Structure formats: C-alpha cells, structure tokens
1. Anything over 27 Å Cα to Cα? Flag those among B:K146/B:K323; A:K220/B:K75; B:K193/B:K323; A:K85/A:K168; B:K323/B:K440, in the order listed.
2. Got a sec? Charge dipole of chain B, +1 on Cβ for Lys and Arg, -1 for Asp and Glu; which of B:S203, B:A524, B:L243 is way out at the positive end?
3. If you take every residue apart from B:D139 with its C-beta less than 11 Å away from the C-beta of B:D139, what net charge results, scoring Lys and Arg +1 and Asp and Glu -1?
4. Percent relative contact order of chain B, based on C-alpha pairs within less than 8 angstrom and at least six residues apart?
5. With both partners inside the protein assembly as shown, how many of the DSSP beta bridges are antiparallel, as a percent to the nearest 5?
6. How far is the Cα center of segment B:36-57 from the Cα center of segment B:197-255, in Å?
7. Given segment A:1-136, what whole percent of its Cα pairs are spread farther than 28 Å?
8. Express the Stokes-Einstein translational diffusion coefficient of the protein assembly as shown in µm² s⁻¹, to the nearest whole number, given a Kirkwood radius over alpha-carbon pairs, 4 °C and a viscosity of 1.567 mPa s.
Amino acid sequence: MLNYIAVRILSTVPVMGIVALFVFILLRLAPGDPAAVIAGDYATAEDVERIRQQLGLTDPLLIQFFRWLGDILQGDLGTSIFSNKPVTVLIAQRLEPTLLLALTTIIFSILVAVPLGTIAAYRSGSAIDRLAMLFSVGGFSIPVFVLGYILIYVFSMQLKLLPVQGYKSPFTEGIGPFLSHIALPTLTLSVIFIALISRMTRASVTEVLEEDYIRTARAKGQSELRILLRHALRNAAVPIVTVIGIGIALLIGGVVVTESVFNIPGLGRLVLDAVLARDYPIIQGLILFFSFVYIFVNLIIDLCYTLLDPRIKY
Amino acid sequence: MTTILDIQDLSVSLPPGGDREFAIEEVSLTVDSCEIVCVVGESGSGKSVTAFSVMGLLDRRALNPVAGTIRLADKDLLTIDDRTLRQLRGERVSMIFQEPMTALNPVMRVGDQIAETLEIHTGLSSTQRHARVLQALADVQLPDPKSLAISYPHQLSGGQRQRIMIAMALILEPKLLIADEPTTALDVTTQAKILALIKQLQSSRGMGVLFITHDFGVVAEIADRVIVMQNGRIVEQGQVDHLLNAPKHPYTRLLIDAVPSMTPPERRHSNDKEALAANRIHKIYGKSGWFGRGRVVHAAQDISLTLRRGETLGIVGESGSGKSTVARCIMRLIDPTSGEILIDSIDIAALRQSELRRFRHQIQIIFQDPYRSLNPRRTVGDSIVEGPMNFGVAAVEAWERARELMETVGLSAESLSRFPHQFSGGQRQRICIARALAMKPRILIADEAVSALDVSVQAQVLDLLDDVRQEFQLAMLFITHDLRVAAQICDRIMVMQDGQLVERGSTATVYANPQQQYTRELLAAAPGRRKFPQKVG
C-alpha cells in the first residue's frame, strides 16, 4: 500500500512537468509581446528591446524554459505585469474565498446528491425518481450565471433573506455572515454538481441493487435502509467518487462565473481580471496552480479506490 | 418428526405476455424436521421460484403469489407483514445460493457478514458476536477461523466461500435451510465435501432442508425425499430410493436417463493422420512491478498432446487446472510462453499475427455460455456467415452453406434471420456449433460446451458434437470439468491439476483403472456414482 502511494505520488512528477511545458509553449504561441505590453503605447523600439533583454526574452526558448522551471521549483511564479506584485502573493490573497466556496459546494452537493440518487434508484420508476431525474436534466441545462441571477432575484431581492453579493471571511468576520454570504453562490454552483453526482449515484446503485449479495442481505432479515447504507452504497461508491473527481474540474470553470456574478474576490475573479488585462505571469501561474490542484484531487481519488474496494490492488 | 414447512396449492403468476401464465402452479409440498427434500427440475421448471417464495425474495415486479399458503412456524408467510417476515429470515429459515462469489458482499470482511445476522436478530455484544462467528467458522470446518474472519470474499476459494455462506445461514440454528443449487458452481471434489457438510450439519441439528438442484447425481447423494418439477408443476414425488429405482412419470425417467454414465462406451481407436501436435506448451502469467517482480502463475507446464483426425481428446480438470489455458494457447487466443504447436509441420506458436491469420479458420472453438458468445444485435445468419466471408467466400455461397449447416445441427434454415434471444440455450449452442463448422475447420475445440445446458439438452448436444466429428472427420479437443460428460464423448483423456498433466490414456482405461491418486479422487467425487451402478453406456 505504502509502495503504491509512493509510486502514485512519484508518477505525478512527469505529469506536472508536461503541464508546465504546455503552459510555457502556450504563452509563447499566444499573439502579443509581453515586452510591448509592459512598455506601453508610447515606447520606442529601443525601449521594447531593452525590456525584452531584462525579461530574458532574447535567450533561446530552451534556456528560457529551464530558467522559468527553476524559478517555479523555488516557489517563484513570476511577477504581475500590472500590479508588480509576485504572482504567489496574489494567488495566496485570493485563495481563501475560492477554496471555501469549492469546499461548501462539494459538501453540499454530496449531501444532497447521494441520498437523492440512492432514493431514485431504490424507487426506480416512481414519482420521486422521475422528479429527481427531471431536476438532474434541468440542472445540466441551465447556465450557471442565469441560475445565479434567478437565485439573487428570488432570495435576495424578493424574499430579502440573503445578501445580494460579497464575501465575508469566517476567520475574521464570524461564521454567521460567512454562511449567509456563501449560501447563494454555493447553491448556484451546486446545481450542476448535484445533477451530475445524483445521476451517477442512481445508475451505480441501480446496478448494485441487482447483485446477489443484496439478496443475501435480505435473506438474513436485514432492513431495507441498512441494505442501502451498508451493502449498496459502499459497492456503488467507486463510480460516484470518480464523478466527484471529474466534477472538481468542472468546478474550476464554474467558480470563475459564480465569483463574477456574486462579486467574490477569489481566484475566479483573478483569472478573469488577468485574462482581460493580458497579465501573462498571472495567467501562467493560475493555470499551473489549477493543474496542480486537479492532479492532486485525482491522486486522492485514486487512493480512495483502494480504501473503498479491497479488490483493487496495485 | 414435525412438519416445518407446509406449502399448499401455491401459484405464482408471471407477467402477462409470457409463454405461460404461472411460474408455478398449485404446488404443494412439505418439509419435516431432520429431512432433506430435493426439488429437481430443469431451467424454467419453477424450482427456484418455489424456494424464493418461501423466503419472500421474489422480484415482485415480475412474480406474484396469487393463490395458496406457505406455513412456517405457525405463520402464513404470504400474509404476514414485512417486519415479521424479516424476523423469520435468518432466524427460522435461511438460504444459501448457487454462486458463493456473487452472493457475498465483495467489500465487506466475511466475519462481519456473518456477524451481521447476529446483529440483526440478537442483542449480543460485539465481543460475543465475534466469538460466535469463530465458532460458526469452526463448525463448517474452515481452518484458522481467526484469520479467515478478517478476509474478503475474493481472497477465498469457491469451496471456502460456500462454507462461509453456510456458516452465515446456520449461525442462528434455523429450523429450515433452503439451498438453491449450492454446489453447481463448485468443482466436483469440492462439491462432494460441501454436500457431506450440509448432510452432517442437517442431521446433527435436526434441521429440515429444501434442496434445489438440476442434477440427479446430487439427488442420489443427499436426498431423503424427491420432488420433480416440470413447467411449474410437481409431476412426481416420493422417497429417494423408490423414485430413483422406479420412476413413474416419463419426465422423471427422462431426467434420470439423461444423467451421463460414468462408464465410457466402447470407442473406436483412431489411427487417422495427425491434425495437430502440441509440444511442451508452457504458459506463465506474471507481472513485474516497479519494485521487483509480482506473483508468477504457471498456468500450464510442459503440456504435450497430439490430436488425430476423427478423434476426441478430452482434457478434464477442476477450475484452475489449466485446461482452458491449454485450449486457448492451441488456438493462439493467448500466446504460449514457450512450446510448439504444429499443424502440417508448421509451428503456429511462432507465427506473427498477420501470418497466423490464414490458419485461423482451421481451428474453431465453441464456448461455455451460449448466451454470451453470440452477438445479441446480429441475426444468427449474420453471425454464421461472417467468418467465411472474412476469408473471401462469396456471400451467396456462405449463405447457402449456412442453410445447410442449420439443417445439420437440427435447426430450420428459416431461423437464420432470427436473433439469438429468440432461441433456447440448447438451440444457441447448436448455432455456435454451426458457426464453428462454417469455417470448415479441421480442429474443433469445445470449451465446457455443454456445462451451461440442462441435462436433457446436454445429451442431445453431445450427440450432435459426436455426429459432426464423424461427418466432417474433425479432430476435437473437449475441455470439461464434468467426468460424466467426458466419459461419454472422449476417446482419450488427459487429467490436469494445477497446470500440470496428471494422467493420460484411453478413456476406458483411465476410468476403469486410474493410476494416479488425484484421478481416483476425481472419479470418486462424481455425484451419484454409488446410486447409479446399474447405468452402463
């Protein structure tokens, strides 16, 4: 087991390397010269050339790549062109709201979707099942920003239950304000997630309920609720966990939109601002950061498999 | 002796639109304490529906009891509420199933699965439960209960898993045990041991057992009383000796006659020319990890054989013996690690895939499960002509031959346009034979080709295989775990165990005078051997 974990962690190294290479190439291929951007509209050709030299853009690409890679390994993602602050600092500043929004979304989604999918599977063909699946199709279809504005309209403007937008940190401003501010963004972001997870749960549990060991459990006199909890869900878990992992990738896209709709100062907003301003070091740093998060999540999920199913051996 | 289970006039309806209205109709039977009642029948006879009705485990979407009573412990199981029924399950009546691998939860330790029954029905503490579990494991004669209790099902053998099922079913000492084909999925030697175990536990605890089986050999081993079912109705019942020796109903006679005899009939010795020779085939499965080598399995070691035209060579052995590995190596469905496979002095084991292709039509195979070996989305005709047309036979010619072959295997040429699901298991296996023959092979491999079939159908398919062997002068390699079947069709046999050859010789010689201990054990374990001594040929 330890052996497997070690191998699995080591194998993320080449993946990270390839991701870094792609990010590097991507930005060299993108139109526009960072030196020209920095120099501004009124710079002379000499100014631009001087900045190019300063930035090391005149060196061969390979040398540039390894210098960049070396910087990254030392924890230096570069400096923002506009704010002139280190990218790592910018990311660290914006990390908390995004991380907490992602966390509340995942927890809320799992808490809703898994029971929903399980009930739909158990009562397959019933009204509950149809309603759940209708909701699921709807959840897939509705764009995140449309849903966000609908929720703001209903809960904030009409019912006046929750604040319209903004973010309050639970660490400095208390858990109450945090929850009331994070509720609508979480709900907005969760809908597509719930749709995805509940569908997979339903499919997986439906299949497991046909298995012989479910019949064995009934033959022992076990109650239906415990059969679902103890025998069905554990066996249905692997595909569900997989789809949760895939969902986290989707979440990154959703965060950008949601944070804009609700005006949350998180990484999603940082992405948007950086792209609009063509602040290449930030974009580069964020892509790397998100890739790292995604690879890390996948690692955790792979390790979960071995815990969930003793037959999976590596 | 008291009556434990009393079923009266039980009818269970099928969903509308089926080939009959009831799955079982007016079934009445009783099980007393201290007796084993066998319900025998082929697939579709309603024997399992009867068993599941008692447990209340019928799939209510399709099957509904519409008339009759099932009395157990002074209660009518058809009218009590779910809660009471759940209390009876596991405590008064419990059940063991055919496939112990799938009947156990794969992600739960077996000890916990046994303890679950105690958790549901008793107020024992977890320490007390653990002690009871260890005792139960010892009762079913499993070695080292402590370490076994913390194993997962996939870490155990088939026999051990079935013992776990039995321990689980009997831990609360129920009055009635329902056993649904509990030994069908097991090897013969394991089957014999499990049957002995069930019999021993039954008599020491004074239980009643309702034992479902399709095999009269098993009936002869274990039953006190026998009930024969056909098409949802009981056609005959009686004491075991009486019923086996003087069956009244024609269907009972048919089933008893269909049990293949252990005495091989007289067979001709083939001196025809050699169709295939395999020399020192070796197959190693193993994986090497990043850190050193993993487990290595010698699936087949040093196996040599020759196959003449017009003869049937049997390879018999239990699961894991390597018999299928040898067959698949010979077909090059898997690549042997070393060794030669000679057809016309060409070593096909050494050929590359592209060169191998022109030899493919010479060796054809029929698999065990006819339900899964035909593409459900293609007509049987399409399946049959596909092979020849891949080898350049014109469509008209291929279809003409397909029509002829359907007649050869006893089906009508019109059914070529139908789909596999429209045929019964036996018919599908005939189609698989036709498909294999369409390639005009010289060598036919039958890998457990009759194991999934009902006994009466089994006999017919065996006859068909023997006929086509003669008609087309085929060299046939017959892989089976069933010694009774092997006795009937093989000219020569090879006995394998753990990837190695144990014994070989003409079928008659090996059966009459086995040289090796393992062969003797296998022959002795064949069910019903002692009760059917009169059966010859």
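The values are calculated or read from the model by the stated rules, or taken from the named source; none is laboratory data. Not measured: the values here are computed from a predicted model. Note that each Cβ is placed from the backbone with ideal geometry, even for glycine, and that neighbours are counted across all protein chains shown. With ligands, DNA and RNA removed, areas are computed over all heavy atoms of the protein, side chains included. Shrake-Rupley method; radii C 1.70, N 1.55, O 1.52, S 1.80 Å.
1. Distance filter (> 27 Å) returns B:K146/B:K323.
2. Most positive-ward Cα: B:A524.
3. On the way: positive: B:R132, B:R163, B:R205; negative: B:E173.
Charge balance near B:D139 sits at +2.
4. Values: 1066 pairs, mean separation 84.8, N = 537.
Across chain B, relative contact order equals 16 percent.
5. Numbers: 45 of 82 bridges.
For the protein assembly as shown, the DSSP antiparallel bridge percentage is about 55.
6. 12 Å
7. Of all Cα-Cα distances in segment A:1-136, 51 percent exceed 28 Å.
8. 40 µm²/s
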